[in-house]
1. Which far-off residues, 5 or more places away or on another chain, put their amide H under 5 Å from the one on residue 30, with H placed in the peptide plane?
2. Describe numerically, in nm with one decimal, the distance between label points set 7 Å from Cα along Cα→Cβ at residue 77 and at residue 124.
Amino acid sequence: MSKKHILIVDDEAALRQVLEDRLLDEGFIVTKAVNGKEGLSLALEKRPDLILLDIMMPIMDGLTMLEDLRRDNEYGNSVPVILLTNINDHDKVERARAAGSHDCLMKSDWDLSDVLKKIRAILTV
């Protein structure tokens, strides 16, 4: 079985690194982006199997990236996206669901094992 590829899009360097280290340890291929614009470009170029996406970022936020990704093509409409956020904003969560996110995790409410369980369930690995 080929390794699954995950794109992490988050402006917090420490969180990107922690997620990358754990995902690499678990056998995933990892690509990272620091904002939604870079994330959208990398997603369309590299076509990862799953995207971990922060909502609040500079240049292009995660919701805009998700909406642009979903508009793009067959890949953009089908790639699973898990949103990671520090904000508890019902309107943004509903907007994310409407754009087709698979899940929305509050950063304060999860640990790495929770994220890995979600990833494995979605990717069935």
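1. Residues meeting the amide H criterion: 6.
2. So the two model labels end up 2.1 nm from each other.
Just so you know, all these numbers are worked out from the coordinates, no wet-lab data involved. Every value quoted in this text rests on a predicted model; they were computed, and no experiment measured them. Here Cβ is always computed from backbone atoms with ideal geometry, including for glycine, and neighbour counts include all displayed protein chains.
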